[in-house]
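So the structure is just underneath, and the comments pick up after that.
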Amino acid sequence: MSLFAEAGIAPEAALIAFSDGDGRIVLRRAEDAMRDLIERGQL
């Protein structure tokens with residue numbers, strides 16, 4: 001919980017998890033990820 005708070009992620013925020021292509025698992029706010037996907041075509 002404290003890592004999310006430090007990152008500015010609210011407890012009720014929707015998150016997505018995905019592979020960054022190099023084997024790492026990335027957690028992002030769903031809202032931010034969807035915006036990047038629409039604007040840039042990638043996460």
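The values are calculated or read from the model by the stated rules, or taken from the named source; none is laboratory data. Remember, it's a predicted structure, so these values are computed and weren't measured experimentally. In case anyone asks, the SASA skips ligands and DNA or RNA and just uses the protein heavy atoms, side chains included. Shrake-Rupley method; radii C 1.70, N 1.55, O 1.52, S 1.80 Å.
Summary table below
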read-out: Residue list for the range 1-27, filter: hydrophobic (A, V, I, L, M, F, W, C) and part of a loop (DSSP other than H, G, I, E, B); value: Met1, Ala7, Ile9, Ala10, Ala13, Ala14
read-out: Leading residue by the ranking (least open to solvent (accessible area, probe 1.4 Å)) among those in the chain that are under 9 Å from the mean Cα position of the chain (by Cα) and of a type in the set (Asp, Glu); value: Asp32
